[in-house]
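**Student:** Handing you this structure, nothing more for now.
The values are calculated or read from the model by the stated rules, or taken from the named source; none is laboratory data. What you see is a predicted model, and the numbers here were worked out from it, not measured in a lab. For neighbour counting, all protein chains shown are included, and Cβ atoms are generated from backbone atoms with ideal geometry for every residue, glycine included. For accessibility, only protein heavy atoms count, side chains too; no ligands or nucleic acids. Shrake-Rupley method; radii C 1.70, N 1.55, O 1.52, S 1.80 Å.
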Amino acid sequence: MKIFLIGFMGAGKSYWGKQLAEHWSLPYYDLDEIIVAEEEMAISDIFATKGEDYFRERESATLRGLVQREEVFLVSCGGGTPCFQDNMDFMNNNGTTVWLNPSVAIMVERLQRKKYKRPLIQDLPDEDLTDFIEKKLAERQPFYQQSKHIIESDHISLDTFEKELKHDA
C-alpha cells in the first residue's frame, strides 16, 4: 500500500505522516525533505535560485522515483504537489490519496508560527495570511478534491485515519 498525504501548508501532513507511519509500521517519507537533502539547499533557496518550475519538475521526478523503488510507504507531499505535472492522477493511479483539509483558521494559526520556513508566505504580513490561504486553497481545491479520501476536521486522531482508510488496507 502506498499512501499519499496531500493538503495545503499547515494542514498537518508532516505531523500525521510521521504518526501514521509509526502506527502502521510503514516507511515514511517527506517529499520536501527528500528534495532538500538531494539538492543540499532549503526549498526557499531552490525557489529563489532555480525557480518554481525547476522545483516542480524535481518534485514530480522525486515522487515518481519513490513510487518505482518502494512497494509500501507513506509520504507527506508538498502543498502544491497535486497541482503540477499530472501528479494527482499519478498518485491516484499508484496508491491511496488522503486530503487533510482543516479549517483555514487552524492553518493560519499553524503557519504564523513557521512562516520563515515557507517560501510562498515568508514575506507576507500576518494580516494578509488568511486571504492568501483562501485564494491559494481555492486554486488548488480542484486538484485536492480528486483525492480518494478527504478528512475535513480540526480534531483528528489516529482513529480518524483508521476509520477512513480501513477499506484500503
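**Student:** Could you tell me whether the stretch 48-70 includes any residue that is over 17 Å from LEU120 (Cα atoms) and modelled with pLDDT under 95?
**Tutor:** Looking through the stretch 48-70, at least one residue is over 17 Å from LEU120 (Cα atoms) and modelled with pLDDT under 95.
**Student:** Can you spot a residue in the stretch 15-23 that is closer than 25 Å to GLU162 by Cβ, in contact with a Gly (Cβ under 8 Å, 6 or more places away or on another chain), charged (D, E, K, R) and at pLDDT 95 or above?
**Tutor:** no
**Student:** In the list ASN87, ASN94, which residue meets the criterion of being crowded, with 17+ Cβ neighbours inside 10 Å and modelled with pLDDT of 95 or more?
**Tutor:** ASN87
**Student:** Oh, and also: Might you check whether a residue that is more than 26 Å from ALA21 (Cα to Cα) and either open to solvent by 10 Å² or more (accessible area, probe 1.4 Å) or of a type in the set (Val, Ile, Thr) (or both) occurs anywhere in the stretch 149-169?
**Tutor:** There is no residue in the stretch 149-169 that is more than 26 Å from ALA21 (Cα to Cα) and either open to solvent by 10 Å² or more (accessible area, probe 1.4 Å) or of a type in the set (Val, Ile, Thr) (or both).
**Student:** Taking only the stretch 62-84 into account, find how many residues are buried (at least 17 other Cβ atoms within 10 Å of the Cβ) and not in a helix (DSSP H, G or I).
**Tutor:** 9
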